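Down below is the structure, laid out as structure tokens.
The values are calculated or read from the model by the stated rules, or taken from the named source; none is laboratory data. Just so we're clear, the structure is a prediction, and the values are computed from it rather than from any experiment. Glycine gets a Cβ as well: all are built from the backbone with ideal geometry, and neighbour counts include every protein chain shown. For accessibility, only protein heavy atoms count, side chains too; no ligands or nucleic acids. Shrake-Rupley method; radii C 1.70, N 1.55, O 1.52, S 1.80 Å.
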Amino acid sequence: MCLTLVMEVEAGRPYFFGDIGFWSERTEVHRAAYQGQVSHLQSLIQSGASVNIVAVDSITPLHEAAIRGQVQCVRLLLDAGAQVDARTVDGSTPLCEACSAGSSECVRLLLEYGANVNTALTSRTTSPLHEACIGGNAECVKLVIANGASLETYDLYNGTPLHVACANQYLECVKVLLNAGANVNAVRLHETALHHAAKANNAEIIKLLVEFGANIYAKDRYERKPVDYTRHDTPAALCLQLYESCPLTLQQLSRITLRRVLGTRALQAVTKLNLPNFIICYLSYL
């Protein structure tokens, strides 16, 4: 069956998604969810409209509401039976969309309704945690991690969530990931998160990564260390040069070793130790 696709633009407010328009196959339910028209959406549902109707690319009204952070519409759709883990043709779920949009309220609501934080990756989509890191949404990062998101989920194009956060220079996201136990030396094509921080010449992130045990001597597929990607005489270059000339102290190495052994249990385990509070804070990177 041949479908005639017609671009549809609303005069008052363009109905767009990114750089491409929505096709005419989008229904009134999609439109109401996307634009946050709660009353209209409720009327459509009460009139028997399906909340799980899909467009040609398998986008559901719940995807539409989540990408715009329309919390009331998300709740209305979920209460009416919307599939919380519906996937588009690219494999994206409503939770991925909410994380991408940085809507912590929508993320929290979707999680309450059982959204899967560890959906199977496809060649064209990333995990909710990746999406939160791409957008620099630290609160969303915390929420999905607290609900069991895998810290080492590996995306072919982006690597781990830590790679993503460092490449995009989101310091708060990097802190959350590292404190949760993310592997600081995970590699993507032999590149570590420290390589990404060095390429961005971000001294703050470089210091944080090294404090958590990043290998300053790690080489990528071009046999280049992180310092080789920094610009001459920048704070980032001077920082890495200093670490090469002055190794970490035994105290710092002990903290790194403890964290490496405890992994993702570190924060919970350390706070239960019978130690002075200032030592607990040091071991917990607080």
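In the range 145-168, whose amide N lies under 19 Å from the spot 7 Å out along Cα-to-Cβ of residue 234? List them in ranges. In the range 145-168, the label zone of residue 234 (backbone N under 19 Å from the point 7 Å along Cα→Cβ) covers 163-168. Judged by the mean number of other Cβ atoms found within 10 Å, the most tightly packed of the peptides 223-229, 59-65, 112-118, 164-170 leads the ranking 59-65, 164-170, 223-229, 112-118. For the range 55-72 versus the range 219-280, the inter-centroid distance based on Cα atoms is 41 Å.
Where does each of 75-82, 173-180 land if you order them by average Cβ count within 10 Å, highest first?
Numbers: 75-82: 19.5, 173-180: 22.8.
Ranked from most to least packed, the peptides come out as 173-180, 75-82.
Dipole check for the range 167-286: with +1 at the C-beta of Lys and Arg, -1 at the C-beta of Asp and Glu, and the Cα centre as origin, the magnitude is about 360 Debye.
Please tell me which of these pairs span more than 29 angstrom C-alpha to C-alpha: 225/272; 142/207; 142/219; 142/225; 142/199? From 225/272; 142/207; 142/219; 142/225; 142/199, over 29 Å: 225/272; 142/219; 142/225. The residue 124 and residue 223 beta-carbon pair, evaluated with R₀ = 35 Å, returns a calculated FRET efficiency of approximately 0.65.
Between the listed residues 174, 98, 269, the Cα displaced farthest toward the positive end of the dipole of the chain, a dipole computed from Cβ unit charges relative to the Cα centre, is found at 269.
Assign one of three labels to the range 133-208, namely rounded, prolate or oblate, based on the Cα gyration tensor with a ≥ b ≥ c the square roots of its eigenvalues; rounded applies when a/c is under 1.5, prolate when it is not and a/b is larger than b/c, and oblate otherwise. Don't jump to the answer; show the numbers that get you there.
Details: a/c = 1.73, a/b = 1.26, b/c = 1.37.
Judged from the Cα gyration tensor, the range 133-208 comes out oblate (a/c at least 1.5, b/c at or above a/b).
Using a probe of 1.4 angstrom and keeping all protein chains present, the accessible surface of the chain works out to 49 square angstrom per residue.
Determine the share of the chain's accessible area contributed by carbon and sulfur atoms, expressed in whole percent, with a 1.4 angstrom probe. If you can, show how the numbers build up before the last one.
Details: 7440 of 14060 Å².
The computed percentage sits at 53.
Based on Cα contacts under 8 Å between residues 6+ apart, the chain shows a relative contact order of 9 percent.
Beta carbons within 10 angstrom, averaged per residue: use that to sort the peptides 100-111, 145-156, 260-271, 200-211, highest first.
Values: 100-111: 21.9, 145-156: 16.5, 260-271: 14.4, 200-211: 20.2.
So the order, starting with the most tightly packed, is 100-111, 200-211, 145-156, 260-271.
Under the shape rule built on the C-alpha gyration tensor, where the axes satisfy a ≥ b ≥ c, the range 181-225 is oblate, since a/c reaches at least 1.5 while a/b does not exceed b/c.
Once the other residues with Cβ under 15 Å from the Cβ of residue 248 are scored (Lys, Arg +1; Asp, Glu -1), what is the net sum? Walk me through the intermediate numbers first.
Numbers: positive: 207, 255, 259, 260; negative: 211, 244.
Residues near residue 248 contribute +2 overall.
About its Cα centre, the dipole of the chain is roughly 940 debye, where the only charges are +1 on Lys and Arg Cβ and -1 on Asp and Glu Cβ. Electrostatic bookkeeping for residue 164 treats Lys and Arg as +1 and Asp and Glu as -1; over the other residues with beta carbon under 15 Å from its beta carbon, the sum is -2. Each residue of the range 30-44 in order: what ³J(HN,Hα) in whole Hz does its phi give by Karplus 6.51 cos²θ - 1.76 cosθ + 1.60, θ = phi - 60°, with x for Gly and Pro? Going residue by residue, I get 4, 4, 4, 5, 5, 8, x, 7, 4, 4, 5, 5, 5, 5, 4 Hz, with x marking Gly and Pro. Toward the positive end of the charge dipole of the range 167-246, with +1 on the Cβ of Lys and Arg and -1 on the Cβ of Asp and Glu, the farthest Cα among 239, 206, 184 is that of 184. What does the net charge come to around residue 217 if you take all other residues with beta carbon closer than 12 Å to its beta carbon, with K and R at +1 and D and E at -1? For residues surrounding residue 217, the net value is -1. Under the classification rounded if a/c is under 1.5, otherwise prolate if a/b is larger than b/c and oblate if not, where does the range 65-144 fall, given a ≥ b ≥ c as square roots of the Cα gyration tensor eigenvalues? Because a/c hits 1.5 or more and a/b fails to exceed b/c, the range 65-144 counts as oblate. Simple spin-label estimate for residue 211 and residue 185 gives 2.0 nm between the two label positions (7 Å along the Cα-to-Cβ direction from each Cα).
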